[in-house]
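S.K.: One structure follows; several queries about it will come next.
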Ligand SMILES: [Fe+2]
């Protein structure tokens, strides 16, 4: 038995993964434990969890691997300043102390931190270093259901690479070519995230959600910032950006080109301008990705595609790639961001460096991405009791029946079952659920439960077998990483008058039989559910279908704006009490808001920094 | 108490100033002239310039990634 601990830290999303003889045993992001969104510190809690889950101590782990190479990043940093000096002193002055403190001596720091967790851990000889994009690529290929595939990774930046193409064959994976910093599709998108007043590294998902409200009228202007080749490779005109050595994403010249200053999220409203910008950058991004995907397919002639890196979380673009039918099969790593680097690094070490055999799993090796914490009924009740919660314990059948009744009566339900999801999406184990047929649900959930912007869409969880009756695709999307359109017979066409409505006003029109999960452009972020990956959730939706004829539920992550997804029953109870959720279902317990002691209510939302 | 606080503030201020000073020397005495010389020789360290080639891909040279190393 060989165990490998993969660690991703000190950059975006810290996380830990443990694999045993190549099998993924447990994985989790640090933010879920520390309750700090996108926590980038050393993931001691996540490491403790994956170790406890496998009954191991640090000193018993065979190999430990970090997801990137710190010194290569330092090389990039120095060259970037060399290319810009004398400009960039302010940012240099900020970066250097940080580097001296934590990055140059990364191995030592890792060792010291690991030793704090287990004093029997006595030598750093078993610490390895993968490579940022190799980790992404490995996370996309090795767990995939393919024996052979082309892997495309794209993100902000790793060491030097921002985009890579790799070929995976059985237990091997080789990066063939790359695009290097500062030319980055991730940073390109983030520049617009910044410009439209959202938080870089987390607001990209919002920008994507805003895009369908606008028209892509700035496409040509955006193309002045970037030179795109026929094969989809690109360079960014750095005169418009400021992220290499500046303290912001974009330059004066960028602002002048579009004619409005960056939106201040505290003061400025989202207007048609921002919607049009969102639509335009989304369109250009899709064009680049489709060109890239088409050219690499032509060159390597393999019919399977794997995707990872932050850009692969752009499920709208993924949906377009899928529709183009360039590849027969596409598989996207659910933890496509840097958290997934911990998983990829561990797998890269096991297969590439150690040369172990790989057996391809036709379903994929991610176990539905349910790789996180779980709580027994006993533990759940213990936590609820100590919190002073009022709850009722039901058997499985009654639990499903009751929950279905709440849902069909337009109640919002917090749903906490089984193991926590790894990656940014909630997939029915730490989810807030509702009835998609309800017309007011989108607004309600956004404003009263999630406390977030009313324009943001919700995703449907749908029984896999019913997918093609409702949407125009027929493929698995177990990780909510594909967007598809609603079938025309479920659509309610807008009248001419309604079509002319502007932006967010369109939200109030009933667009389909499942309005709360139909975005203004009739698209949805699909989450397919099967008995195999999530039996409880499957049973619940089936019960809902039995009662209402609708095989779909609204599924959104169990948290409020700016908060990491809930991890423990305690987190869930706090979120339940701090919002207008009507019911909370944890394990076999049901909690009714009306029966709770109102003194337990807290001002919840102000705890979290707005994203 | 107050004196202690003032001393701590003063010390941390001094350390910050010294560190900024050292970093400034490093930046303007080493990085800047070297950077300028490199650019005088027309070396485009970050591939800033657009070109007329067919592709911007950089072929990965066959250096095998050594996971033992931090570079
Ligand atoms: Fe990354």
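The values are calculated or read from the model by the stated rules, or taken from the named source; none is laboratory data. Everything quoted here is computed from the prediction, not taken from an experiment. Don't worry about glycine lacking a Cβ; one is built from the backbone with ideal geometry, like all the others, and counts go over all protein chains shown.
S.K.: Among the residues of the range A:324-346, count how many are away from the ligand (no atom under 15 Å from the Cβ) and more than 14 Å from chain B (Cβ to nearest Cβ).
M.R.: Residues in the range A:324-346 being away from the ligand (no atom under 15 Å from the Cβ) and more than 14 Å from chain B (Cβ to nearest Cβ): 8 in total.
S.K.: Has the range A:167-175 got at least one residue that is within 16 Å of residue A:334 (Cβ to Cβ) and either more than 16 Å from the ligand (Cβ to nearest atom) or in the same structural domain as residue A:70 (by TED's automatic domain parsing) (or both)?
M.R.: Scanning the range A:167-175 turns up no residue that is within 16 Å of residue A:334 (Cβ to Cβ) and either more than 16 Å from the ligand (Cβ to nearest atom) or in the same structural domain as residue A:70 (by TED's automatic domain parsing) (or both).
S.K.: Considering each residue of the range B:32-50, count those that are loosely packed, with under 11 Cβ neighbours inside 10 Å and facing chain A (nearest Cβ under 7 Å), and give that number.
M.R.: Number of matching residues: 0.
S.K.: For the range A:168-184, give me the residue count where each residue is touching a helix residue (DSSP H, G or I) at 6+ places or on another chain (Cβ under 7 Å) and away from every other protein chain (no Cβ under 12 Å).
M.R.: 2
S.K.: From the list A:370, A:396, A:351, A:391, exactly one residue is within 14 Å of chain B (Cβ to nearest Cβ), surrounded by fewer than 24 Cβ atoms within 10 Å (Cβ to Cβ) and either more than 30 Å from residue A:290 (Cα to Cα) or away from the ligand (no atom under 16 Å from the Cβ) (or both). Which is it?
M.R.: Going through A:370, A:396, A:351, A:391 in turn, just one is within 14 Å of chain B (Cβ to nearest Cβ), surrounded by fewer than 24 Cβ atoms within 10 Å (Cβ to Cβ) and either more than 30 Å from residue A:290 (Cα to Cα) or away from the ligand (no atom under 16 Å from the Cβ) (or both): A:351.
S.K.: Could you pull out the residue among A:145, A:182 that is in contact with a strand residue (DSSP E or B) (Cβ under 7 Å, 6 or more places away or on another chain), within 16 Å of the ligand (Cβ to nearest atom) and in a loop (DSSP other than H, G, I, E, B)?
M.R.: After ruling out the rest, the residue left standing is A:182.
S.K.: Kindly indicate whether any position in the range A:59-69 is at the interface with chain B (Cβ under 10 Å from one of its Cβ atoms), within 31 Å of the chain's Cα centre (by Cα) and within 30 Å of residue B:42 (Cα to Cα).
M.R.: yes
S.K.: Quick one: residue B:3 ticks every box in (1) part of a helix (DSSP H, G or I); (2) more than 7 Å from every other protein chain (Cβ to nearest Cβ); (3) within 24 Å of the chain's Cα centre (by Cα) bar one, so which box is it?
M.R.: (3)
S.K.: Considering A:297, A:333, which residue is in contact with a strand residue (DSSP E or B) (Cβ under 8 Å, 6 or more places away or on another chain) and surrounded by fewer than 24 Cβ atoms within 10 Å (Cβ to Cβ)?
M.R.: A:297
S.K.: Next question, about the same structure. Return yes or no: is residue B:12 under 30 Å from residue A:108 (Cα atoms), more than 10 Å from every other protein chain (Cβ to nearest Cβ), without any contact (Cβ under 8 Å) to a residue 40 or more places away in the chain and not in a helix (DSSP H, G or I)?
M.R.: Here the answer is no, as residue B:12 does not meet what is asked.
S.K.: Let me ask something else. List the number of the failed condition for residue A:356; all other conditions in (1) in contact with a helix residue (DSSP H, G or I) (Cβ under 9 Å, 6 or more places away or on another chain); (2) modelled with pLDDT under 95; (3) surrounded by fewer than 20 Cβ atoms within 10 Å (Cβ to Cβ) hold.
M.R.: All conditions pass for residue A:356, except number (2).
S.K.: Among the residues in the range A:202-215, are any assigned to a strand (DSSP E or B), within 16 Å of the ligand (Cβ to nearest atom) and in contact with a helix residue (DSSP H, G or I) (Cβ under 6 Å, 6 or more places away or on another chain)?
M.R.: Looking through the range A:202-215, none of the residues is assigned to a strand (DSSP E or B), within 16 Å of the ligand (Cβ to nearest atom) and in contact with a helix residue (DSSP H, G or I) (Cβ under 6 Å, 6 or more places away or on another chain).
S.K.: Another question, then. Among (1) under 26 Å from residue A:364 (Cα atoms); (2) surrounded by fewer than 16 Cβ atoms within 10 Å (Cβ to Cβ), which single condition is residue A:64 missing?
M.R.: Against the list (1) under 26 Å from residue A:364 (Cα atoms); (2) surrounded by fewer than 16 Cβ atoms within 10 Å (Cβ to Cβ), residue A:64 comes up short only on (2).
S.K.: Residues in the range A:186-199: is at least one within 18 Å of the chain's Cα centre (by Cα), crowded, with 23+ Cβ neighbours inside 10 Å and away from the ligand (no atom under 16 Å from the Cβ)?
M.R.: yes
S.K.: If you don't mind, there's one more thing I want to ask. Given the conditions (1) part of a helix (DSSP H, G or I); (2) within 16 Å of the ligand (Cβ to nearest atom); (3) away from chain B (no Cβ under 14 Å); (4) in contact with a strand residue (DSSP E or B) (Cβ under 8 Å, 6 or more places away or on another chain), and given that residue A:156 satisfies all but one, which numbered condition is not satisfied?
M.R.: That leaves (1) as the condition not met.
S.K.: List the helices (runs of 4 or more DSSP H) that sit entirely inside the range A:1-99 and contain at least 2 residues that are assigned by TED's automatic domain parsing to the domain that holds residue A:359 and within 16 Å of the ligand (Cβ to nearest atom).
M.R.: By residue number, A:70-84.
S.K.: Continuing with the same structure: If I go through the range A:575-595 residue by residue, how many of them are over 23 Å from the mean Cα position of the chain (by Cα) and under 20 Å from residue A:379 (Cα atoms)?
M.R.: Here the count works out to 11.
S.K.: Considering only the range A:159-166, I want to know if a residue exists there that is away from the ligand (no atom under 15 Å from the Cβ), at the interface with chain B (Cβ under 10 Å from one of its Cβ atoms) and over 23 Å from residue A:364 (Cβ atoms).
M.R.: Within the range A:159-166, none of the residues are away from the ligand (no atom under 15 Å from the Cβ), at the interface with chain B (Cβ under 10 Å from one of its Cβ atoms) and over 23 Å from residue A:364 (Cβ atoms).
S.K.: Checking residue A:111 against (1) within 16 Å of the ligand (Cβ to nearest atom); (2) within 19 Å of residue A:41 (Cα to Cα), which single condition isn't satisfied?
M.R.: (1)
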